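Single-structure report; data block below.
The values are calculated or read from the model by the stated rules, or taken from the named source; none is laboratory data. Not measured: the values here are computed from a predicted model. We place every Cβ from the backbone using ideal geometry, glycine too, and count neighbours over all the protein chains shown. Side chains are part of the model used for accessible areas, which takes the heavy atoms of the whole protein and leaves out ligands, DNA and RNA. Shrake-Rupley method; radii C 1.70, N 1.55, O 1.52, S 1.80 Å.
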Amino acid sequence: MSLTDTGKLVLGRRFQQPDQRSCGAAVAVMAEALHNDGYARRLLAGGDDEFAREVRAMHRRITGPVDATGAVQTPWLRAIGTPPWALVRQLGRSSGRGRVVTARLRPGRAWSAMTTSLAAGALVPAYVGSRWLPRHLVLVVQPFDDAVRAYEPSSGRVVRFTRDEWVEGRVLLAGWRQPWFVISAR
């Protein structure tokens, strides 16, 4: 995706997730801001408080009984994060336009899905965690040589990681190293 000037400002603002369990909601809010300049300007004007309000509202919505389109979804305990299928629907990637690609056993395949989606102009949520569980989400925003740049909601920074770090389980995102899933555009 080619970032607009407003998108660059939002990424440069260092908006952090407001609590330990809202990384997925922060990713969804950031994705909306990068696609919607009016929403991005509202976040910038409201600062950290507005971002935190939006993330908390998103977290309730994304884990609640009704999705962004008003369709019924399986409710999810907010305390354990954001389910991939709810994030797919929130980002408007239903009806075959998006899919969850498992990275845990085939990280090279997930990397390819991620970079293909980026080349098509899509943002890519990526789940990382321990060897046993997915624990954290980032939003991959741009390809960069043999690497990618991602919004990391625990710090609010844009970070870079390489294909080798991803495939070998050496990424370090909020203390987590193991890739689990990506939500690709196709």
Between segment 136-151 and segment 153-184, how far is it from one alpha carbon centroid to the other, in angstrom? 8
Run the simple label-point estimate for residue 147 and residue 112 please: 7 Å along Cα→C-beta, distance reported in nm. 2.4
Solvent exposure of the chain as accessible area per residue, Å², 1.4 Å probe: 49
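Taking square-rooted eigenvalues a ≥ b ≥ c of the alpha carbon gyration tensor, is the chain rounded, prolate or oblate, where a/c under 1.5 means rounded and, failing that, a/b exceeding b/c means prolate? Kindly include the intermediate steps, with their values, before the conclusion.
Details: a/c = 1.38, a/b = 1.16, b/c = 1.19.
It is rounded, given that a/c, with a ≥ b ≥ c, falls under 1.5.
Take the solvent-accessible surface of the protein heavy atoms, probe 1.4 Å, and return the percent of it on the chain that carbon and sulfur atoms account for. Numbers along the way, then the final one.
Working: 4450 of 9030 Å².
Carbon and sulfur: 49 percent of the exposed surface of the chain.
Using only Cα atoms, what is the ratio of the radius of gyration of segment 18-61 to 2.2 N^0.38 Å?
Numbers: Rg = 9.6 Å, N = 44, 2.2 N^0.38 = 9.3 Å.
For segment 18-61, the normalised Cα radius of gyration comes out at 1.04.
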Can you work out the base-10 log of I(q)/I(0) for segment 68-154 at q = 0.20, 0.25 1/Å, using the Debye formula on its C-alpha atoms alone? -1.08, -1.51
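Set the Förster radius R0 to 30 Å, insert the Cβ-Cβ distance between residue 120 and residue 157 as r into 1/(1 + (r/R0)^6), and round the FRET efficiency to 0.05.
On the way: r = 25 Å, r/R0 = 0.84.
It comes to 0.75.
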